[in-house]
Structure formats: structure tokens, C-alpha cells
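Reading through the C-alpha cells given below for one structure.
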Amino acid sequence: MMRTSLALLAAICALSAQPPVEIRVDASVTLGPVKPIYSYFGYDEPNYTYTANGKKLIGELAALSPVPVQIRAHHMLVTGDGTPALKWGSTNAYTEDAGGKPVYDWTIVDRIFDTYEAVKAKPFVEIGFMPEALSTNPQPYVVNWPKNDGKGWSYPPKDYARWAELVRQWVLHEVARYGKAEVETWSWELWNEPDISYWRGTPEEYDKLYDYTADAIKRALPAAHVGGPGSTGPASPRADAFLKQFLEHCAHGDNAVTGRKGAALDFISYHAKGLPRVVEGHVRMGLGKEMSDVARGMETINEFPEFRALPIVLSEADPEGCAACSAREHPENLYRNGTMYPSYTAAAYANILKLADSHHSNMAGMLTWAFEFEGFPYFDGFRTLATNGIDKPVLNVFRMLGMLRGNRVKVESAGTAGPDAIVKAGVREAPDVDALAARADREMSVMVWNYHDDELAAAPSAVHLSLSGLPGKVLVEHFRIDEEHSNAYTAWKRMGSPPQPSAEQYRQLEAAGQLELLKSPEWRAAAAGKVELEFALPRHAVSLLRVTW
């Protein structure tokens with residue numbers, strides 16, 4: 001077996017004219033607990049939550065993670081009848097009667113949160129947007145994407161006290177429905193991207209809204225976790241200035257409610273996005289842009305000693321900024337159906353952790369803003385995790401991440417680009433061939449990826465993976481995401497891209513959307529505690545090797 005494997009490796013190296021990438025994993029050197037920062041998800045359209053496909057996907061998300069997944073949705077306080085639409089949703093939680101008296105109705109909110117709670121997922125509660133009856137400029141109200149003409153939901157309240165009471169009543173309702181101990185584990189984040197058109201007030205008015213919101217939440221549930229501002233990528237000087245002024249307000253500003261200095265802040269959130277483009281007829285991703293957002297946000301937070309230890313949640317962290325912008329109209333988004341998306345996600349996850357290590361930051365969450373859309377063709381080019389109930393390849397990288405349990409262990413790769421180089425220039429020269437590894441009780445998992453910003457054909461990379469610190473005999477399972485494995489998109493195309501798959505075709509697509517083994521598991525003897533593995537890793541493929549004993 002070893003001779004055959006070495007012969008194959010030599011053949012791959014000859015074809016690619018490159019030596020194998022040496023990756024060394026030492027199971028005896030631990031780097032601290034695995035941080036499941038991947039276990040956060042979100043989407044614009046809250047009313048898709050309780051559809052059949054929505055429930056199916058949320059159940060799958062809950063099943064892939066060893067910790068409860070946290071789910072964030074826009075439009076949780078928006079006025080309307082609950083009809084779903086792209087980049088829109090509503091719950092009608094707050095209206096006013098003919099006499100101007102507040103009317104609270106939690107029916108749709110309950111349907112959304114009950115769906116999460118049924119599978120032991122948790123709301124990452126985004127508090128927004130402005131109910132029509134409270135808006136200082138309510139009309140026009142509905143967005144009607146892609147016209148994007150509705151703005152009334154994005155204005156400050158005409159009565160901050162009524163807004164605060166709405167928030168307080170919301171928290172009290174959730175405590176009554178799910179119990180104090182459960183709701184104390186949730187996070188409550190005010191608004192979304194208040195530094196751009198999601199908020200048509202001033203930064204100072206956002207700070208005022210935060211004071212009223214945080215105070216209302218703490219009055220209802222003193223141990224609740226409150227934070228913000230969920231602003232856009234801090235690599236932009238304008239966005240960075242907004243984040244900085246918010247932190248300054250929470251640290252030293254005049255509180256609009258208490259009159260004292262500062263405001264309650266239990267976690268800090270901001271967003272990080274890549275920037276794909278079409279270059280010379282192909283998609284070129286922008287991993288460097290996303291990592292620049294991550295790094296700059298950490299640097300800004302570190303300017304405030306009182307906040308350096310707070311959890312950071314990237315409450316949107318994605319390859320670009322518009323999940324509902326189909327690749328049909330936006331060809332730069334053609335990466336979404338195939339293997340580029342999962343390999344990008346694997347590289348982003350690893351480099352976010354590395355940046356957090358180097359900045360001594362408490363990175364808690366990397367929230368993927370992708371879900372599913374109802375009533376659209378299969379694989380229609382949206383940034384989604386599933387299409388008509390069929391899992392896309394990207395969902396399998398989260399299944400792999402869920403297999404990294406216990407403690408991170410030491411990894412050295414000769415093929416890593418490194419976070420500093422990626423921040424400066426992305427991955428435009430040699431590919432980033434790197435790994436993450438974790439060890440739990442009687443098992444170790446190693447995730448290896450072959451990522452490049454350019455979606456171009458390339459020879460596979462030969463990988464020589466050395467695992468040390470193992471017992472005498474181990475079982476090796478090799479899971480793979482590539483064109484042939486864990487890839488319902490390839491399977492659908494081979495069927496002829498049927499617009500309406502038959503029942504049997506649908507069953508086959510469901511199976512193809514699951515995480516697959518590359519080959520049958522095999523027992524390997526560890527010589528002096530070491531096992532040597534060799535394999536070819538195609539461009540934009542991801543492997544997960546699970547070793548048990």
C-alpha cells in the first residue's frame with residue numbers, strides 16, 4: 001500500500017512539476033480548545049424559517065455542530081403580514097390601535113423562534129427594524145427588492161420610550177415562553193449595518209437607540225447579553241470610524257437613559273466581506289478583503305482596553321455582500337454552486353482564527369449569511385446553503401468543521417500563504433494549501449484545503465500529511481468535497497440540469513448533497529507514533545481526515 005501511494009504521489013508531482021506540500025500535525029502539542037466560530041448562520045428573510053425546506057435546513061445546521069448553532073435574521077420587528085420575499089420579511093410584532101395605544105403580537109416571532117428551539121438552536125436576536133407605527137418617516141415602507149424603494153423601516157423612532165418598551169416586552173415574552181435560563185444564553189444585537197442605508201439616522205441617534213435598547217433589555221433580564229453595532233467591514237475608513245465612535249460611546253459617552261457615562265456592552269459585532277470580481281473571463285475571489293475587515297476590526301477594538309477581552313462576533317462573514325444577487329445578473333457570484341465556496345470558507349475560518357491569535361482577540365463567531373430561498377429554480381446562483389431542499393457543496397464544509405472537536409493541535413504546512421500575506425494581497429500566486437487539526441478522546445481530525453482566489457483549472461496539489469503523537473494502530477477515514485464527492489451540483493448537471501427532478505432524481509440529489517468518503521476507511525499502523533498519508537488534493541477541494549483508535 002505504501003509503495004502504491006508513493007508511486008501515485010510521484011506521478012502527481014511529475015504532472016504538476018511541483019514537490020508535494022508537506023503538512024505536519026503533532027497530536028501531542030495542543031493549542032487550546034477548538035472554537036466553533038462556524039456555528040452561526042443568518043439570512044434576510046425570516047418568514048422562510050418555518051417553511052418545509054427552512055425547517056429541514058435548520059435541522060441539518062443543528063445536527064452538524066457539537067454546540068447549539070445560533071441563527072440571526074433581519075426584519076424581526078418589521079410591520080407586515082408575514083409574506084416572505086427576497087431581502088424582506090415581517091412579523092407585525094408592533095402596531096398601534098386607533099387611539100395610538102401599542103399592540104404587541106408575537107405570533108410570527110414565536111413561529112420563527114419555535115423552529116430554532118425545536119432542534120436546540122438559539123436565536124442570535126437582531127433587534128430591528130423600525131415598526132411602521134414608530135418610524136419618524138414611515139412611507140414608503142416595503143422594500144420591493146430589487147427596486148429597493150422602501151425606507152420607512154430604517155428611520156429612528158418617533159418615541160424612544162415606546163421603542164424601549166417594545167424591546168422590554170419582547171424580552172419578557174421570550175422569558176415567559178422559553179424560560180429565564182434559556183434566554184440568558186441568547187445574544188441581543190441592535191440593528192444591522194447602521195453605518196449605511198439600513199439606518200437613516202445619525203451615528204449619534206444610533207448610540208441613543210442603543211442606550212434605550214440596552215437599558216430596556218437589562219431591565220427585563222439583567223443577565224442578558226447585549227451588543228452591537230453590526231457595522232460593515234472596518235477596512236473601510238468610514239465603517240471603521242462608525243465602529244470606533246460606537247465603542248467610544250459605550251466606554252465614555254453620555255448615556256441617553258441613565259445620564260451616566262457609558263453603556264452596557266457584552267459583545268462586539270461587525271461584518272467582514274470579500275470582493276469577488278470577473279477578471280479575464282473568470283471569477284477572482286477577494287479573501288484578502290474579508291481578512292482585512294477582520295484584522296482592522298480587531299485593531300480598533302484593541303484601542304479600547306476595557307473591551308479587549310469581550311467576545312467578537314462577525315455577525316456577517318461572507319465572500320461578498322448580497323445573498324439575493326443571483327449569479328444570473330451578477331456573474332462574479334458564479335462561485336456559489338461549486339467547490340470554490342467551501343474551499344474559500346475553509347481558508348477564511350482558519351485565517352480568522354490565526355488573526356485572532358495574533359491580535360489576542362476573543363473571536364466568538366463567524367456568521368455565514370446564507371440560508372435558502374423558496375420558489376426559485378434549482379442552483380439559481382444565490383448565496384444559499386441549500387436549493388429546494390438539496391444541500392449545496394458549501395454545507396459540507398460546515399459538516400467537516402463540526403468534526404473538529406476537542407483541542408486544536410499543532411499544524412505546520414509548507415503550502416500556507418499565511419494571514420498577513422492574505423490580508424495584503426489575497427491568494428493570487430501559489431495556492432493556499434493548509435490544514436487545521438483537533439484532537440478529542442480517542443480521535444483526531446485534520447481538515448486540509450487547496451484554495452486560490454482564481455477559479456481556474458489547475459493541477460491537483462500532492463499532499464504529504466505526517467501525523468505524529470498517535471497510538472500504535474488507527475482507523476483513517478478520508479472525507480472529501482470536490483467535483484466528484486459531496487457535490488449535488490455536479491450530480492444535477494450530470495442529470496441534464498432538470499428544472500423539476502423526478503422523485504428518484506431528487507433522492508439521488510439528496511444523497512449527493514451529503515458529506516462523502518473519498519475511499520473506504522483503512523487501518524494504519526503507527527510507527528513510533530507516526531502515520532504518513534499521501535493524497536492528491538484538487539484545486540478548491542477540501543479533505544477531512546478523521547483518525548480514531
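The values are calculated or read from the model by the stated rules, or taken from the named source; none is laboratory data. Source: prediction; values computed, not measured. We place every Cβ from the backbone using ideal geometry, glycine too, and count neighbours over all the protein chains shown. Please note that ligands, DNA and RNA were not included when accessible areas were found on the heavy atoms of the full protein model with its side chains. Shrake-Rupley method; radii C 1.70, N 1.55, O 1.52, S 1.80 Å.
Measure off, as a whole percent, the carbon and sulfur share of the 1.4 Å-probe accessible area of the chain, all protein chains present.
So the carbon and sulfur contribution to the accessible surface is 54 percent.
Using DSSP to call loops (not H, G, I, E or B), can you name the chymotrypsin sites (Phe, Trp or Tyr not before Pro) in the stretch 154-254 whose Cβ has at most 15 other Cβ atoms within 10 angstrom? Write out the running numbers ahead of the final one.
Numbers: sites: Y160, W163, W170, Y178, W186, W188, W191, Y198, W199, Y206, Y210, Y212, F242, F246; in loops: W186, W191, Y198, W199.
Within the stretch 154-254, no chymotrypsin sites (Phe, Trp or Tyr not before Pro) qualify (loop, at most 15 other Cβ atoms within 10 Å).
Once you sort the root eigenvalues of the Cα gyration tensor of the stretch 412-500 as a ≥ b ≥ c, which label holds: rounded (a/c under 1.5), prolate (a/b larger than b/c) or oblate (the other case)? Please report the intermediate quantities before stating the final value.
Values: a/c = 2.57, a/b = 1.22, b/c = 2.11.
Oblate, since a/c reaches 1.5 and b/c is not below a/b.
Between E374 and V278, what FRET efficiency comes out of the Förster formula 1/(1 + (r/R0)^6) with R0 = 30 Å and r the beta carbon distance, rounded to 0.05? Walk me through the intermediate numbers first.
Details: r = 29 Å, r/R0 = 0.95.
Using R0 = 30 Å, I get an efficiency of 0.55.
Excluding ligands, DNA and RNA, what is the solvent-accessible area per residue of the chain at a probe of 1.4 Å, expressed in Å²?
Counting only protein heavy atoms, the per-residue value for the chain is 37 Å².
Count charges around A528 for me, please; just the other residues with Cβ under 15 Å from its Cβ, Lys/Arg as +1, Asp/Glu as -1. Before the final figure, lay out each step's value.
Numbers: positive: R24, K473, R524, K530; negative: D26, E532.
Counting the neighbours of A528, the net charge comes to +2.
May I ask for the longest run of the chain untouched by trypsin sites (Lys or Arg not before Pro) that are loop-located per DSSP and have at most 13 neighbouring C-beta atoms (other than their own) within 10 Å? Please report the intermediate quantities before stating the final value.
Working: sites that count: K120, K147, R260, R328, R442, K519.
The longest uninterrupted stretch comes out as 1-119.
With the dipole of the stretch 247-296 worked out from charges on the C-beta (+1 for Lys and Arg, -1 for Asp and Glu) around the Cα centre, which of A251, L275, L265 lies farthest toward the positive end?
L275
Calculate the length of the line joining the C-alpha centroid of the stretch 416-451 to that of the stretch 156-204, in whole Å.
38 Å
Among Q508, S543, A527, which residue has its Cα furthest toward the positive end of the charge dipole of the stretch 455-549, with +1 on Lys/Arg Cβ and -1 on Asp/Glu Cβ?
Checking the options against the dipole of the stretch 455-549, the answer is A527.
For all pairs of alpha-carbon atoms in the chain, what percent lies in each bin of width 10 Å, listed from the first bin to the last filled one?
P(r) over the chain, rounded to whole percents: 4, 18, 28, 26, 15, 7, 2, 0, 0.
Using +1 on the beta carbon of Lys and Arg, -1 on that of Asp and Glu, and nothing else charged, what's the dipole of the chain about the Cα centre, debye to 20?
In total the dipole reaches around 1020 debye.
What per residue convex hull volume, in Å³, comes out for the stretch 182-242 when only alpha-carbon positions are used?
Details: hull volume 5.0 nm³, N = 61.
Cα-based convex hull of the stretch 182-242, divided per residue, equals 82 Å³.
Taking only complete DSSP H runs, can you tell me which helices of the chain stretch 18 Å or more along their own long axis by Cα positions and average at least -0.5 on the Kyte-Doolittle scale?
2-16, 52-64, 160-178, 237-252, 287-301, 340-359
Once the convex hull of the alpha carbons of the stretch 134-281 is built, what does its volume come to per residue, in cubic angstrom?
Residue-normalised Cα hull volume stands at 146 Å³.
Calculate the dipole size of the stretch 107-147 relative to its Cα centre from +1 charges on Lys and Arg beta carbons and -1 charges on Asp and Glu beta carbons; express the result in debye to the nearest 20.
Value, rounded to 20: 140 debye.
Quick one: net charge of L518's neighbours, Cβ under 12 Å, K/R +1, D/E -1?
Numbers: positive: R480, K519, R546; negative: E477, D482, E484, E516, E522.
Once positives and negatives cancel, what remains is -2.
Could you tally the net charge around R405, taking each other residue with its Cβ under 13 Å from the Cβ of R405, Lys/Arg +1 and Asp/Glu -1?
Within the 13 Å Cβ shell, the charges total +4.
Whole number please: convex hull volume per residue, Cα atoms of the stretch 450-547, in Å³.
110 Å³
State to the nearest 20 debye the size of the charge dipole of the stretch 296-368 about its Cα centre, where the only charges are +1 on K and R beta carbons and -1 on D and E beta carbons.
Computed charge dipole of the stretch 296-368: roughly 200 debye.
Within the set K218/K273; K120/K410; K101/K218; K56/K493; K56/K151, which residue pairs have Cα atoms separated by over 26 Å? Walk me through the numbers before you get to the answer.
Working: K218/K273 31 Å; K120/K410 32 Å; K101/K218 24 Å; K56/K493 23 Å; K56/K151 33 Å.
Table pairs above 26 Å Cα-Cα are K218/K273; K120/K410; K56/K151.
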